[in-house]
Amino acid sequence: MSDDLDSLDDFDDDLDLTLYADPKELLAEVLVQLIEVIETGLRINGVFHLALTGGTLGTDLTRSLLAHLNANPQMYQGLHMWWSDERFVERSSSEQNSAPVHSALTNQNVAIHTLLASDEVENIDLAVNQYRTQLGENFMDLTILGLGPDGHVASLFPGAAQIDRLEKVIAITDSPKPPAVR
């Protein structure tokens, strides 16, 4: 039992907890750190794979990042943007987590990788296979995830059988939160 407590003490020593006044302050700080990590990764490796998420803060972060990317059109060659979760809806739907990018990204140096939409492919399985092919052997340098109020992360909901699957890309066909197919 003492060893377990020592491990917790070590964890507490490494924990860096910062409180922010509001979501706007948090977003500003995360954006600064995100840009620094992307630029460092591109400088060192020439390529950077970033997986974004939806949700309130995730979407706000994406929009803020897009404003920065668009303001610097000569930069970010080698940046690849992916989504850690996506909804299988029509391309024009605002429910797509990637919707802000489709409507607002003007920086042509950034490569965008999105799941085919429900009006672009016959079914979710074909969309998943195509996304898995795009992903190939690439790995994410950074994945942004959010935590839903019900405890879900990246369309993986508590108590769902999919939580134990190990594939890189999976279809969710029975999400308890609409839309059901993700």
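For segment 119-176, the set of residues classified as assigned to a loop (DSSP other than H, G, I, E, B) and in contact with a His (Cβ under 7 Å, 6 or more places away or on another chain) consists of 138, 139, 140, 141, 158, listed by residue number. Is it true that some residue in segment 57-71 is out of contact with any Gly (no Cβ under 9 Å at 6 or more places or on another chain), open to solvent by 30 Å² or more (accessible area, probe 1.4 Å) and of a type in the set (A, V, I, L, M, F, W, C)? Among the residues of segment 57-71, at least one is out of contact with any Gly (no Cβ under 9 Å at 6 or more places or on another chain), open to solvent by 30 Å² or more (accessible area, probe 1.4 Å) and of a type in the set (A, V, I, L, M, F, W, C), which makes the answer yes. The residue pairs whose first member lies in segment 92-119 and is over 26 Å from residue 75 (Cβ atoms) and touching a residue at least 60 places away in the same chain (Cβ under 8 Å), whose second member is open to solvent by less than 80 Å² (accessible area, probe 1.4 Å) and not aliphatic (A, V, I, L, M), and whose beta carbons are closer than 6 Å, counting only pairs six or more residues apart or on different chains, are 95/87; 118/88.
No other residue among 126, 142, 116, 135 is within 22 Å of residue 42 (Cα to Cα) and open to solvent by 40 Å² or more (accessible area, probe 1.4 Å) apart from 142.
Here is a yes/no grid of residues against (1) among the hydrophobic types (A, V, I, L, M, F, W, C); (2) at pLDDT below 95; (3) under 18 Å from residue 110 (Cα atoms); (4) in contact with a Leu (Cβ under 8 Å, 6 or more places away or on another chain):
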| residue | (1), (2), (3), (4) |
| --- | --- |
| 17 | yes, yes, no, no |
| 23 | no, yes, no, yes |
| 34 | yes, no, yes, yes |
| 38 | yes, no, yes, yes |
| 57 | yes, yes, no, yes |
| 68 | no, no, yes, yes |
| 71 | yes, no, yes, no |
| 79 | yes, no, yes, yes |
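Look at segment 31-57: where a residue is on the phi > 0 side of the Ramachandran plot, no partner that is among the aromatic types (Phe, Trp, Tyr) and open to solvent by less than 10 Å² (accessible area, probe 1.4 Å) sits 6+ places away or on another chain with Cβ atoms under 8 Å. Within segment 93-113, being open to solvent by less than 50 Å² (accessible area, probe 1.4 Å), part of a loop (DSSP other than H, G, I, E, B) and β-branched (Val, Ile, Thr) holds for one residue alone: 110. Is it the case that residue 86 is surrounded by 20 or more Cβ atoms within 10 Å (Cβ to Cβ), among the charged types (D, E, K, R) and either in a helix (DSSP H, G or I) or in contact with a helix residue (DSSP H, G or I) (Cβ under 9 Å, 6 or more places away or on another chain) (or both)? The answer is yes for residue 86.
The values are calculated or read from the model by the stated rules, or taken from the named source; none is laboratory data. These figures come from a predicted structure and were not determined experimentally. Please note: Cβ atoms are built from the backbone with ideal geometry, for glycine as well, and neighbour counts cover all protein chains shown. Heads up: the accessible areas ignore ligands, DNA and RNA and are worked out on the full protein's heavy atoms, side chains in. Shrake-Rupley method; radii C 1.70, N 1.55, O 1.52, S 1.80 Å.
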